[in-house]
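In what follows, a structure is listed as structure tokens, so that the remarks can point back to it.
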There are 2 protein chains.
Amino acid sequence: MTPQTIADGIGHCFADSALLRTALTHRSFGTPNNERLEFLGDGVLDCVIAAILYARFPDLPEGDLSRLRANLVRQETLHGLAIGLGIGQTLRLGEGELKSGGAARPSILADALEAVFGAVYLDAGFGAASEVIARLYAPLLAGLKPGQFQKDAKTRLQELLQSRKKPLPRYVLLETSGAAHEQSFVVACEIDQPALRSQGCGSSRRIAEQNAAEAALKALNP
Amino acid sequence: MTPQTIADGIGHCFADSALLRTALTHRSFGTPNNERLEFLGDGVLDCVIAAILYARFPDLPEGDLSRLRANLVRQETLHGLAIGLGIGQTLRLGEGELKSGGAARPSILADALEAVFGAVYLDAGFGAASEVIARLYAPLLAGLKPGQFQKDAKTRLQELLQSRKKPLPRYVLLETSGAAHEQSFVVACEIDQPALRSQGCGSSRRIAEQNAAEAALKALNP
């Protein structure tokens, strides 16, 4: 796999291919690297996703749009898209980072994809970056359903308990396993009234907590 | 003052003047209001400021660019720009909000300005929004100096104490005064080694804490 594979994958032909190479260079490799492009791409992505959601959901209030956007631009989502493009196989990493599995680390892959968006913006402008992002996100956007506008599980659980004037849940990390870039977390969600203990697992503590909260919600509202 | 004053102030002639009217309508007035446009404008602003900073400071690392952007897009900055345009005098507010001084509330003015950016984006595209924002921010951008790339005072104070292996400072709210939209805060910054107590005040707790930390830094490094 070469940077050209990524250019093909996102459907953009770079006039300045050095931009793409920089976007695919992690700071552990040296300078120039993708840190500045990631800063730029992060802003481009926020804007493009906001514009897409604004146009696509004309009746959705601001809070729901914000939640949807947060979900689409967060690391897990970008990581998934980066894997689909094969970004890990084209990344330039320093030796230490390479050996410790950096090419599979979610944060490194997500940042590199944002840097690619920044590179497209510099190479051909906002319209081109907007097209690339819209194309890449099309499957995710097509899958958005009204149910996904709902608040995340932890928020819903908290609001449910507050509405019943009960104490808030506690989240306790029970277990961490796996190497640095493929860790797995198990979290317990503990509720006092009614006494309830649910568990969730996931590739990050955040995801494990959400899954534990989801399980608690199901137990409370069967 | 009319919405046209704002259009003149930002130097954009709206093809669809209803967009501007919506941007200048607070939710307390009814529907349609500027909440969705604010969501859009927030993304547009983030992107445009990122692109401007990226181009203007080719040697600045990502962390400094992020700090600069955070400073330029935060409520205090937007509030100041909104005042300069006279946005408060053209805002449509519900009666209750009007009576309680909503037309001068920093959050309401800052949100309305973001909504105006969103309205320009919808009216004439990213390029037009980018020009409006660049023009409006020009005086602030021209005033940026290398010294402003530095971390904020609380961060610098924390790092200084950590480098000396001393306990971290505490921030204590001493006083709040004024009505809801023109509150003033006084905060003490307490340090144990060496024993030191500085004060800061400001229109938000955050600003007061920064000013207290700045005073502590001066006392520690005269």
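No value in this document is a laboratory result; all are computed from the given coordinates. This structure is a prediction, so every number in the text was calculated from the model and none was measured. Note: ideal-geometry Cβ built from the backbone for every residue, glycine included; neighbour counts use all protein chains shown.
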Review point. Put a dot 7 Å past each Cα toward the Cβ at A:ALA104 and B:ILE83; how far apart are the dots in nm?
Key: 5.5 nm
Check your understanding: Looking only at other chains, what is the average number of their beta-carbon atoms within 10 angstrom of each beta-carbon in A:64-77?
Key -> 1
Check your understanding: What do the square roots of 5 times the Cα gyration tensor eigenvalues come to for the range B:153-220, in whole Å, largest first, as semi-axes of the equivalent ellipsoid?
Key -> 24, 10, 8
Revision key, fill the gap. FRET efficiency (B:ARG197, B:ALA70; Cβ distance; R0 22 Å; to 0.05) is 0.20
Review point. Given the pairs B:LYS99/B:LYS154; A:LYS166/B:LYS154; A:LYS165/A:LYS218, which span a C-alpha to C-alpha distance of over 30 angstrom in this model?
Key: B:LYS99/B:LYS154; A:LYS166/B:LYS154
Practice item. Output the lone cysteines of chain B: those with no second cysteine's C-beta under 4.7 Å from their C-beta. Key: B:CYS13, B:CYS189, B:CYS201
Review point. Taking Cα atoms, how many degrees apart are the long axis of helix B:106-124 and the longest axis of chain B, rounded to 10 and kept between 0 and 90?
Key: 50 degrees
Revision key, fill the gap. Taking Cα atoms only, Rg over Rh for the protein assembly as shown with Rh from the Kirkwood formula is 0.98
Practice item. Can you list the distances in nanometres, one decimal and ascending, from the B:SER107 label point to the identical position in each other copy, with the point 7 Å along Cα to Cβ? Key: 3.1
Check your understanding: In degrees between 0 and 90, to the nearest 10, how far off the longest principal axis of chain A does helix A:75-85 point, with axes built from Cα atoms?
Key -> 40 degrees
Check your understanding: Which ³J(HN,Hα) values in Hz, rounded to whole numbers, follow from the phi angles of the range A:130-140 under the Karplus curve 6.51 cos²θ - 1.76 cosθ + 1.60, where θ = phi - 60° and Gly and Pro get x?
Key -> 4, 5, 4, 5, 4, 5, 5, 8, 3, x, 5
Study note, to complete from the structure: Residue-normalised 222 nm signal for chain B, counting each DSSP H run of n ≥ 4 as -39,500 (n - 2.57), nearest 500 deg cm²/dmol, is -18000 deg cm²/dmol
Exercise for review: Return a whole-number percent for the relative contact order of the range B:153-220, with Cα pairs under 8 Å and 6 or more residues apart as the contact set.
Suggested key: 29 percent
Review point. Quick one: Debye curve from the C-alpha atoms of the range B:3-149, no solvent, what's log10 I(q)/I(0) at q = 0.10, 0.16 Å⁻¹?
Key: -0.33, -0.80
Point to revise | Relative contact order, percent, chain B [alpha-carbon distance under 8 Å, six or more residues apart] | key: 19 percent
Check your understanding: How much of the DSSP beta bridge set in chain B is antiparallel, as a percent to the nearest 5?
Key -> 95 percent
**Study point:** At 0.890 mPa s and 25 °C, Stokes D of the range B:47-113 from Kirkwood alpha-carbon radius, µm² per second
**Key:** 183 µm²/s
Exercise for review: Report relative contact order for the range B:1-126 in percent, whole number only (criteria: Cα-Cα under 8 Å, sequence separation at least 6).
Suggested key: 43 percent
Review point. Separation between the A:THR2 and A:GLU190 pseudo-spin-labels, each 7 Å from Cα along Cα→Cβ, expressed in nm?
Key: 5.8 nm
Point to revise | Test item: Cα-centred dipole of chain A, Lys/Arg +1 and Asp/Glu -1 on Cβ, debye | key: 760 debye
